[in-house]
Amino acid sequence: MRKQIVAGNWKMNKTLQEGIDLAKSVNELNEQVDGDVEVIVAAPFIHLSEVSRVLSSVRLSAQDCASEANGAFTGEVSAEMVRSAGVEYVIIGHSERRTIFKEDDITLNKKIKLALDNGLIPIFCCGEVLEERESGKLFDVIQTQVEIALFDLDPADMGKIVIAYEPVWAIGTGVVATPEQAQEMHAYIRKLIREKFGDSLADELTILYGGSCKPSNAREIFANTDVDGGLIGGASLNAEDFIAIVQSF
């Protein structure tokens, strides 16, 4: 069976102490949940070392890493630094990194390789904006993002990747993708991986939904055949709401 994952992306929220308190609450509530869902929190860089100390039933992720291994890159945080803080996962290519910070898929490919080289598991994000969906380019956009970022990996490394599909048009807009739209794109992503890497790897690939998932709609979205969990934004800032999403499985 594919691994089911619910990952909470805190983005640029919470002071250090607030982040520690939130992590403790998520960890304590998750310890009471029966099931095999892997729960992850993605904290800001300055939180990572401290948050790692309070987690036991929950995994830790960074929200990004640098595209260079080390050197004169003021303000950047390398994959090696991230790993040394007790982190297991790293989000790469989140829609906000693409749109606000203009990261392209070639840069994301470099980040993925550095993450893998340092023992991190990349959560690679892909997704289309509203204009691309409405113009019928949605599948072409996803194919390009996936091919450039992932297709030069060898199968062993590709087998370590988690993919998160983000309908950018449904993030923070009040518009939510229907379960059918989520399933359609997840199935398409799995098809792309199947054609490149084969049935076994595609069948084991975890693909998360990352578009305004919350307790009220998570169960319906997660019921889809090709949806293996969620990359959660705003709802992950409240421990009870976040664990309610975990329990949606």
Name, by its number, the condition in (1) touching a helix residue (DSSP H, G or I) at 6+ places or on another chain (Cβ under 8 Å); (2) part of a loop (DSSP other than H, G, I, E, B) that does not hold for Thr74.
-> (1)
Any hit, the stretch 126-139, residues being part of a loop (DSSP other than H, G, I, E, B), closer than 20 Å to Leu208 by Cα and touching a residue at least 60 places away in the same chain (Cβ under 8 Å) | yes
Would you check if there is a residue in the stretch 80-90 being hydroxyl-bearing (Ser, Thr, Tyr) and over 30 Å from Glu184 (Cα atoms)?
-> yes
Conditions (1) of a type in the set (Asp, Glu); (2) more than 17 Å from Gly8 (Cβ to Cβ); (3) buried (at least 18 other Cβ atoms within 10 Å of the Cβ) -> Glu96 fails only (2)
For the stretch 3-33, the count of residues that are part of a helix (DSSP H, G or I) and either of a type outside the set (A, V, I, L, M, F, W, C) or closer than 18 Å to His94 by Cβ (or both) equals 9
Is it the case that Glu68 is in a loop (DSSP other than H, G, I, E, B), surrounded by 17 or more Cβ atoms within 10 Å (Cβ to Cβ), touching a Leu at 6+ places or on another chain (Cβ under 9 Å) and of a type in the set (D, E, K, R)?
-> no
Yes or no: Glu147 buried (at least 18 other Cβ atoms within 10 Å of the Cβ), in a helix (DSSP H, G or I), in contact (Cβ under 8 Å) with a residue 40 or more places away in the chain and among the charged types (D, E, K, R)?
-> no
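Table: residues versus (1) charged (D, E, K, R); (2) at negative phi; (3) touching a Ser or Thr at 6+ places or on another chain (Cβ under 6 Å); (4) crowded, with 16+ Cβ neighbours inside 10 Å.
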| site | (1), (2), (3), (4) |
| --- | --- |
| Ile100 | no, yes, no, no |
| Ile106 | no, yes, no, no |
| Lys111 | yes, yes, yes, yes |
| Asn118 | no, yes, no, yes |
| Glu128 | yes, yes, no, yes |
| Glu131 | yes, yes, no, no |
| Gly136 | no, no, no, no |
Limited to the stretch 182-210, what total is found for residues that are within 17 Å of Cys125 (Cβ to Cβ) and either hydroxyl-bearing (Ser, Thr, Tyr) or without any contact (Cβ under 8 Å) to a residue 60 or more places away in the chain (or both)?
-> 10
In the stretch 26-60, which residue that is crowded, with 16+ Cβ neighbours inside 10 Å and of a type in the set (Gly, Ala, Ser) is nearest to Ser84 (Cα to Cα)?
-> Ser52
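Listed here are the residues, each with its yes/no results for (1) among the polar types (S, T, N, Q); (2) over 15 Å from Pro122 (Cα atoms); (3) free of Cβ contacts under 8 Å to residues at least 24 places away in the same chain.
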{"site": "Ala7", "(1), (2), (3)": "no, no, no"}
{"site": "Gln17", "(1), (2), (3)": "yes, yes, yes"}
{"site": "Val26", "(1), (2), (3)": "no, yes, no"}
{"site": "Leu29", "(1), (2), (3)": "no, yes, no"}
{"site": "Val33", "(1), (2), (3)": "no, yes, no"}
{"site": "Ala42", "(1), (2), (3)": "no, no, no"}
{"site": "Leu48", "(1), (2), (3)": "no, yes, no"}
{"site": "Ser56", "(1), (2), (3)": "yes, yes, no"}
Any residue in the stretch 95-121 that's under 16 Å from Tyr165 (Cα atoms) and in contact (Cβ under 8 Å) with a residue 40 or more places away in the chain: show its pairings with residues that are assigned to a loop (DSSP other than H, G, I, E, B) and of a type in the set (Phe, Trp, Tyr) at Cβ separation under 7 Å, as long as the two are six or more apart or on different chains.
-> none
Looking at Gly35, Gly8, Gly19, which one is at positive phi and not basic (Lys, Arg)?
-> Gly35
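Any read-out appearing in this document is the output of simple, stated calculations on the displayed coordinates, not a laboratory observation. Everything numeric here is computed off the predicted structure, so don't read it as measured data. Glycine gets a Cβ as well: all are built from the backbone with ideal geometry, and neighbour counts include every protein chain shown.
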